[in-house]
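Right, one structure below, let's go through it.
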Amino acid sequence: MENPNLNNEQLDVLKEIGTIGAGSAATALSQILGRKVTITVPEVKLVSSDRITATEFLIQPDEVSLAVDLRILGALQGSMIVLFSQKSALMMIDILMKRPMGTTQLLNLVEASALSESAHILSGSYLNAVGELLELHQVIPSIPQTIVDRMDRLNRLMIKRFSEANIQYLLPIENNLLIEDVAVTLYVIFLLEYDSIKKVMRIVGI
């Protein structure tokens, strides 16, 4: 399966989907943290599931990363993964725990539960915004599962997910967060089943 060749207008529509989701997520995170949060979306791609690699997310294969994995329930069928590099996860944990930046040095699942909860709220905000844009109602995230592992193993997890379901495309959305003066990058990745991705592609005009 080849990656679809999208023109600039179609890429702009995908980016608008990401930007609307990011705006909603920024508002939700700002309310949780009690701090000003802005999110920009430098890039959105539509990637064939058999073309995905660990380096697709600008994270080294041997780097320990954190993924928050959720099923999408309702009008869209598939999954979402919120993916943090180790550096971004540690910074977010410091922010959530109100610690000086640089305090958290290791990822552990106890502290990561707070990050998982914020990623769940972010995902819900994303889905609400995307659902409204696509005129789909009742699109909600499931209870999240948090995974801390090397990026190459996380990548294999995603590939396994493709083989277990009718997943043909990923929609990775790069998010640059600015939480007051702290910059954090994360990825929101939609793994959509064929009928659901067709709905998105029809909106984009592919």
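Just so you know, all these numbers are worked out from the coordinates, no wet-lab data involved. For clarity, every value in this text was computed on a predicted model and none was experimentally measured. No Cβ is skipped: glycine too gets one built from the backbone with ideal geometry, and neighbour counts run over all protein chains shown.
Overview of results
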item: Cα-centred dipole magnitude for the chain, charges only on beta-carbon of K, R (+1) and D, E (-1), debye, nearest 20; result: 260
item: Most positive-pole-ward Cα, Pro42, Gln31, Ala129, against dipole of the chain from beta carbon charges; result: Gln31
item: Folded to 0 to 90 degrees: helix 109-133 orientation relative to the chain principal axis, Cα; result: 40
item: The range 1-103: GluC sites (Glu not before Pro) falling in loop per DSSP and having at most 16 other Cβ within 10 Å; result: Glu2, Glu43, Glu63
